[in-house]
Each structure stands twice: as structure tokens, then as C-alpha cells.
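Coordinate-derived values only; no laboratory data. If you're wondering where the values come from, they're calculated on a predicted model, not measured in any experiment. Quick reminder, even Gly has a Cβ in these numbers, built from the backbone with ideal geometry, and neighbours come from all protein chains shown.
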Amino acid sequence: MWNVMKAELLSRIQDRSAVVGVVGLGYVGLPLAMEFAKAGFRVVGYDVSERVCKLLMSGNSHIQDVPAADVATMVKKGLFEATTDESALGRCDAISIAVPTPLSKTRDPDMKYVQAATEAIARNAHPGMLAVLESTTYPGTTREVMQPKLEERGLTVGKDVFLAFSPERVDPGNPKYHTKNTPKVVGGITAACTEVAVALYSSCIDTVVPVSTTEAAELVKLLENTFRSVNIGLVNEMAIICEKLHVNVWEVIEAAATKPFGFMKFTPGPGIGGHCIPLDPHYLAWKMRTLNYKTRFIDLASEINSEMPALVVEKVSVALNDERKAVNGSRIMVVGVAYKKDIDDIRESPALDVIRLLEERGAEVVHHDPFIPRFRDGDHDGGGEHKERIGVALSAAELGRADAVVIVTDHSQVDYQQIVDDANLVIDTRNATARASRGRARVVSLAADPKPAASAAVGTPSRKTTAVT
Ligand SMILES: NC(=O)c1ccc[n+]([C@@H]2O[C@H](COP(=O)([O-])OP(=O)(O)OC[C@H]3O[C@@H](n4cnc5c(N)ncnc54)[C@H](O)[C@@H]3O)[C@@H](O)[C@H]2O)c1
């Protein structure tokens, strides 16, 4: 019987008569829904947000990487609908789940979104249906959290329904790699589950990589993101080392990167942000704690990375001190509040910590970010007061008014020469001003000062121009 169901599903995938559901229409879910629709499937997007569904059904997009025209075309062709009605999932033959997997206040996995999504699917499940979890999570989630919920409804996974895990690897803002041309790893609960999930993704993703279990697939994603976290932690520690040795870390990294093998370039910065790197390794650390194992690399990298915003603020404080000014009462412009360059996502951004720490010391902080003209504190980091912040222009007047300009995110479209020309003091955490020529501002770069800042600047009047590193 299950072989018949598998053959039927495979055939419906093959001839595109299968209806594909996507649960959660955010950064991951919406691009995926568009790929399925482009491949010729009818796609049902289910999201609990009325606002998101209305916006999409009116042919708009809330995700930078998905053009509104794509959404509008798919809605018009009848290939895509967005709904808050979970019963629509009952019409689906295959469902991908891309709901949030945040951490709780105690930094443990918060599985409530995955649980709620699984329950919605289970209530609407029918024999022959495939469900694939894409949300980043700890190894064991698909088997331990999802499988029992589906089987409570009397459906046996691998026989009546198919269940798999396939980690999402989307890199928002990446001009080269998108959902379609990024290889996709897939692991099922049974071999039949893997087979149907591979068939589904092969219909719209160029390369699909099967692995033997859901746990292996879950761990692939955690290895990838832990790898990034640990390497960023290492290079941030190298920046701290270079600060102390008065060696330019950027020069060291660029020279090391000329080695054609055995070295991969990572760059230091003001800390890590986004929905993945700061959170995902904690999922693995938590899982290992339940097995009485302490993940030392993960914990150390996380510690170093989370200390970077405080280090930046200390650098601002010392730089202002060199100008005979205090943080308290200074006007500070933070340039770039997104968690990485050229995107509009502010979740977990280190800029939020830098702003908070500066304000705790009494600074008046304004921001400029071409991607984030305004934002509300606390909406993105799960805490704090909900204060509306409206960005200021990157004008000569605003730059000149600021006692210090702190470059936190190095968006490509920002004019760094203008900042160096019009600001008084620049603290550059990304080496963004490296190519700018000497200007009016004194520029202090993270781990790039040739000699101790204090001795270099004692007695110097403010607004003195020194070499841009
Ligand atoms: N953003 C990234 O760059 C990225 C990259 C790789 C993996 N991931 C992972 O993908 C998952 C989703 O992340 P995202 O960035 O797309 O999140 P997101 O917040 O952009 O989108 C999630 C969507 O799910 C909806 N939602 C929440 N609960 C729901 C429910 N029970 N049923 C239906 N919809 C629900 C929300 O309303 C929201 O629209 C996370 O596990 C994340 O770690 C994210």
C-alpha cells in the first residue's frame, strides 16, 4: 500500500499536479514558495500573520530578495496563494515548513513555532502527504517532535505519510547564490521519505544531496553555522590580539588569504547577528548538554563574538577621550544597523547592542542605514523599550554635528569618502574606510591602529586629521 502511495506522490510531483504547501512565509519560506511556483506547482502559503498574507495576495513582497512582480505574477496565474486558514493545508500533497526557531530567554531552543506548525499539519494531514521541516533545529527534532505528532493522528510515518528534514541555506542579499542554485541537503525518516523529498526538491533546486537520516541533515546545518561562528570568533580574537600588538589585522588577513589552499578568509567586526549564526550553535550546545557533554568550541566562540559590541564601545570611548570628550553627552552617529551588509534585516544585529551600550553611557545616538530608514527598539532583539528610531541623512551637516561616527555595517552604497571628509571622528569596525583618501576626520579602525591611540593623540585638538589606516 505505501509503495502505491509513494508512486502516486512521485508521479504527481513529476507531472506537477501535486499541490505544494509552505508553512511560514518569511525570509526562507517566501523564496522557496516562489521556486515551487516557478517550477509549475500550485503553491499554498500558510502563515499565521494576516498582514503578511494580505500583503502577498495584493501582489507585494516583504522580503528584499523576492521581487513584488514575482509574487504578483504567481498570484495572477493562480499558482500562489497566501492564507491564514490552516485547513488549506489539507489540499497539499507536500508541505515545507519554514517557521522561526528562536532561543528562549535562558538560551534554550524555543520549539513552539515548530510544534504549532506540526500540529496544524497533523490536523489536516491525509495519507500520501509529505512534510519537510526546513527550520534550523537540534538533531532529533524531526523524529522526536514531529513524528509523534503526525502519528497521534493514526498515520504511520514512512507508510501513510512521509517525513524529512532539509536545512535551508538561503543567504539573504547574496547576489550569486539563491534558493535555486544552492545545493539542498535532504534526509528522511525512512528511505522512502528521503526518496519523495529528493524528488520534490529536485523539481526546483539544481542540486539535491541526500543523506541517510533526518539527524544527519539537521546536523549538516548546525555544522555549517557553527563553522562560521567559530571562525568568526577566531578572527575576532585575532583582532583583539592585533589591537594589543598594534598590528593591522586587516593587512594580516589579506596577506594570509593569498595562500591558495588551507585558509578561508573571515573578517572581524562588531559582533554577529541575524537569525542563524548567533542562535543555531546554541541549539547544538543545548542538545549536547542533555547528553552531559559541554561544547567548548561553540561556547568560546559565542563568548568572544558576544563581547565585540562592548569592545567597540570601549574603542569609541577611548577615541572620544583622545579628543577630550566623554561618551556622556556626545552625539554619536551609527552608520549601518543591519546585521550584515546590503540587507534590511536587523534581527540580533550587533548595532542594537552598540547603540544600547552607548546610550547607557549617556550618549545621544542617531543612526543612518540606507536599508533601514526606521526601526523600533525591542522588536528585533526580544527586549527593551519599543522606541521608534528614525534615521538621519548622511549629509555634511549631520556628519559634522556628530562627535563620532561609528561604522557598524559596511553597506556598499554608503559613501565612505564623504564620511571621512565630513565627520570629525570615525570609528570604523569594518575597515570600510580603508580605500578612502585622507580627509578631515580622524579615523580609528578596529585592530588597525599602528600605535597606541592615547599616545598618538595626547594634546591633539579635536578634528585633527590623521592618516586613514
Ligand atoms: N533568515 C535566514 O537567513 C535563514 C537562513 C537559513 C535558515 N533559516 C531558518 O529558517 C527558519 C525560518 O526563518 P526565517 O528567517 O524565514 O523566519 P521569518 O521570521 O522571516 O519567517 C517566519 C514566518 O513564519 C510565520 N509563522 C510563525 N509561526 C507560524 C505557524 N505556526 N504557522 C505558520 N506560520 C508561522 C511568521 O509569521 C513568519 O512570517 C528558522 O529556523 C531559521 O533559523 C533562516
Legend entry - Taking W250, W286 and counting other C-beta atoms within 10 Å, the order from fewest to most: W286, W250
Legend entry - Ascending count of other beta-carbon atoms within 10 Å, so fewest first, for T214, T194: T194, T214
Inset, instruction - Distance between Cα centroids, segment 30-61 to segment 413-427: provide it in whole Å. - result: 40
Legend entry - the chain, dipole about Cα centre (Lys/Arg Cβ +1, Asp/Glu Cβ -1), debye to the nearest 20: 480
Legend entry - lysines with Cα under 25 Å of K105, excluding same-chain neighbours fewer than 8 positions away: K221, K287, K294, K340, K387
Legend entry - Cut-off under 5 Å, modelled amide H: who pairs with I95 long-range: G21, L130, A131, V132
Inset, instruction - Could you quote the convex hull projected area for segment 399-446, Cα atoms only and averaged over all directions, in nm²? - result: 2.8
Legend entry - Extent along principal axes [Cα atoms of segment 76-116; Å; largest to smallest]: 45, 20, 17
Legend entry - Rounded Å value of the spacing that divides the Cα centres of segment 77-134 and segment 307-322: 44
Inset, instruction - For segment 302-365, just the Cα atoms, rotate onto the principal axes and tell me the three extents in Å, largest first. - result: 35, 25, 18
Inset, instruction - Using only the alpha carbon atoms of segment 1-160, find the Kirkwood hydrodynamic radius as the inverse mean reciprocal pair distance, in angstroms to one decimal. - result: 16.1
Legend entry - Cα principal axis extents for segment 239-326, largest first, Å: 53, 40, 24
Legend entry - Mean shadow area of segment 54-142, taken as a quarter of the surface of its Cα convex hull (nm²): 7.4
Inset, instruction - Once you have a ≥ b ≥ c as the square roots of the Cα gyration tensor eigenvalues for segment 316-445, tell me rounded if a/c is under 1.5, and otherwise prolate or oblate according to whether a/b is larger than b/c. - result: oblate
Legend entry - Radius of gyration and Dmax over the Cα atoms of the chain, both given in Å: 24.7, 85
Inset, instruction - Take the alpha carbon atoms of segment 217-245, find their center, do the same for segment 268-305, and report the distance between the two centers in whole angstrom. - result: 10
Inset, instruction - Using packing as a proxy for protection, rank 414-420, 182-188, 99-105 so that the peptide with the highest average count of other Cβ atoms within 10 Å comes first. - result: 182-188, 414-420, 99-105
Inset, instruction - Please order M146, M288 by the number of other Cβ within 10 Å, starting at the fewest. - result: M288, M146
Inset, instruction - Write down the Kirkwood hydrodynamic radius of segment 162-297, to one decimal in angstroms, obtained as one divided by the mean of 1/r over all alpha carbon pairs. - result: 17.3
Legend entry - Square roots of five times the Cα gyration tensor eigenvalues for segment 106-182, Å: 26, 17, 10
Inset, instruction - Quick one: work out Rg over Rh on the C-alpha atoms of segment 2-88, Rh as Kirkwood radius. - result: 1.01
Inset, instruction - Mind ranking 400-411, 21-32 by how tightly packed they are, going by the mean number of other C-beta atoms within 10 angstrom, highest first? - result: 21-32, 400-411
Inset, instruction - For helix 280-290, report the angle its Cα long axis makes with the longest principal axis of the Cα atoms of the chain; keep it between 0 and 90° and round to the nearest 10°. - result: 70
Inset, instruction - Normalise the Debye intensity by I(0) for segment 222-379, one equal point scatterer per Cα, no solvent, then take log10 at q = 0.11 Å⁻¹ and round to two decimals. - result: -0.52
Legend entry - Ranked packing of 314-320, 423-429, most packed first, by mean Cβ within 10 Å: 423-429, 314-320
Legend entry - Values of log10 I(q)/I(0), in the order q = 0.18, 0.21, 0.22 Å⁻¹, for segment 92-228 under a Debye, Cα-only, solvent-free model: -0.99, -1.31, -1.41
